[in-house]
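The values are calculated or read from the model by the stated rules, or taken from the named source; none is laboratory data. These numbers were taken from a predicted model, which means no experiment stands behind them. Please note: Cβ atoms are built from the backbone with ideal geometry, for glycine as well, and neighbour counts cover all protein chains shown.
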Amino acid sequence: MTNWNNITFKRLKQEIISPTRYFSKKALYIIHNLIDILSIKIGKRKMEYLIYDVRNNPITFDIVFIIYYGYLFFLKQDKKIFKLIIFEPKNYQYNRPMLSSYSKYISSSDLKKRINAMILPIAESFNCINSIEIISSYKDFKKLKIKNRYIFPQFFNPRIYSPIVQNHKKIYCNLLKNKKKELYPYLIPAFTKEEIIAKISNEKKLIKYATITLRDYGFNPTRNTSSKEIKIALSYAKSKGLSLILIPDEIKNLDNYDIPKDIIIYARARESLKERIGLYSYSEMNIFPPCGAANISLFTRSSRTIILKFGDPNSIDSSTKYYKETYNINYGQQPYQGLKGYLDWYTKNYENPDYQIQIPRKFFDS
């Protein structure tokens, strides 16, 4: 039961602008819908716009699923191309509320840097986005003159209504139904395969490869990579006749891993999202622990993705219970199959030092 006495005026105002509770989401949607029905629409443009408001949307690799959710909205109108508007108020401080354990590892300045280093490179690479514009005021938004039918989230108004774009349960419901990769938007690499290979190594024999992406981020260390995951990835790559390329997280932490000499370390992909998109796109297989970077691999046009130790019971935000409550997916389900993504669900066998990835032979053929 909500204790309304404990909700400050500031929090109440925030709930009205960007609702988080089921009742307020429904009520405010109805109110803004009625306002729209009664409003004058003369002179407004019939152009599709996805709005990414930096004030209340995750500034993480979740941008991939925000774009995908926008794509699903416009697809209902038989539109597969749209514009992206990034709303970043002038002098916005990025001092957003975060989990205390999360705020230890990322600062407000880090979040601001992610707009150029992460959000823009990913958005620019999607085939469903034909232009990107950054606006910083209500005045700029009004100049766009967009009809609410052609905007997502619907009825967006930077002053009074900016609902959070993502709906995890609806996204994953769609993922479980959609088994055809051609029905998804995809990322277009900025580099050719030859250019990526030249950046990785001077060794001309490097034609087919797999990747493993490390995670040694402080928040929730249960999801971090260990030397064991590197060993699993290398064994799998060798069984397929592939070279293995490693993308580090923190360069300074590489000494903490046991990395065999035949693994190629590609540090530049850590900083350049455009290079990383190219690297993942031309790879035969991209292997990850449970982490946001896997989202990029999932939306490459043809590469395959494996996510290890999915549903680890010791993890606060990747356990089977968490995925059920947040995404409404059950143990063993494969929501990414249509994206050629395989979840290697955690079992006690994972603790075996000689653990091997076992993927059903026909899994990627669907």
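Summary table below
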read-out: Hey, residue 201 within 18 Å of residue 364 (Cα to Cα), surrounded by fewer than 18 Cβ atoms within 10 Å (Cβ to Cβ) and among the small types (Gly, Ala, Ser) or not; value: no
read-out: Filtered residue count, region 147-169, keeping only those that are among the hydrophobic types (A, V, I, L, M, F, W, C), under 14 Å from residue 55 (Cα atoms) and crowded, with 18+ Cβ neighbours inside 10 Å; value: 2
read-out: Failed condition for residue 275, given (1) touching a residue at least 60 places away in the same chain (Cβ under 8 Å); (2) assigned to a loop (DSSP other than H, G, I, E, B); (3) acidic (Asp, Glu); value: (2)
read-out: Selection status of residue 125, among the polar types (S, T, N, Q) and surrounded by fewer than 17 Cβ atoms within 10 Å (Cβ to Cβ); value: no
read-out: Subset tally (residues that are surrounded by fewer than 14 Cβ atoms within 10 Å (Cβ to Cβ) and touching a helix residue (DSSP H, G or I) at 6+ places or on another chain (Cβ under 9 Å)) for region 132-146; value: 1
read-out: Neighbours by Cβ (under 6 Å, 6+ apart or cross-chain): first from region 211-231, under 21 Å from residue 110 (Cβ atoms) and assigned by TED's automatic domain parsing to the domain that holds residue 353; second outside any loop (DSSP other than H, G, I, E, B) and at pLDDT 95 or above; value: 213/247; 213/288
read-out: Odd one out for residue 73 among (1) modelled with pLDDT under 90; (2) buried (at least 16 other Cβ atoms within 10 Å of the Cβ); (3) aromatic (Phe, Trp, Tyr); value: (1)
read-out: Which listed residue is closer than 21 Å to residue 192 by Cα and either touching a strand residue (DSSP E or B) at 6+ places or on another chain (Cβ under 7 Å) or acidic (Asp, Glu) (or both), from 267, 293; value: 293
read-out: Within region 146-161, considering residues that are part of a strand (DSSP E or B) and among the aliphatic types (A, V, I, L, M), the one nearest to the chain's Cα centre (by Cα); value: 151
read-out: Which numbered condition residue 164 fails, given (1) more than 30 Å from residue 283 (Cα to Cα); (2) more than 19 Å from the chain's Cα centre (by Cα); (3) in contact (Cβ under 8 Å) with a residue 24 or more places away in the chain; value: (2)
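Residue by residue, here is whether (1) assigned to a loop (DSSP other than H, G, I, E, B); (2) among the aliphatic types (A, V, I, L, M) holds:
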{"residue": "176", "(1), (2)": "no, yes"}
{"residue": "197", "(1), (2)": "no, yes"}
{"residue": "216", "(1), (2)": "yes, no"}
{"residue": "219", "(1), (2)": "yes, no"}
{"residue": "222", "(1), (2)": "no, no"}
{"residue": "233", "(1), (2)": "no, yes"}
{"residue": "238", "(1), (2)": "no, no"}
{"residue": "245", "(1), (2)": "no, yes"}
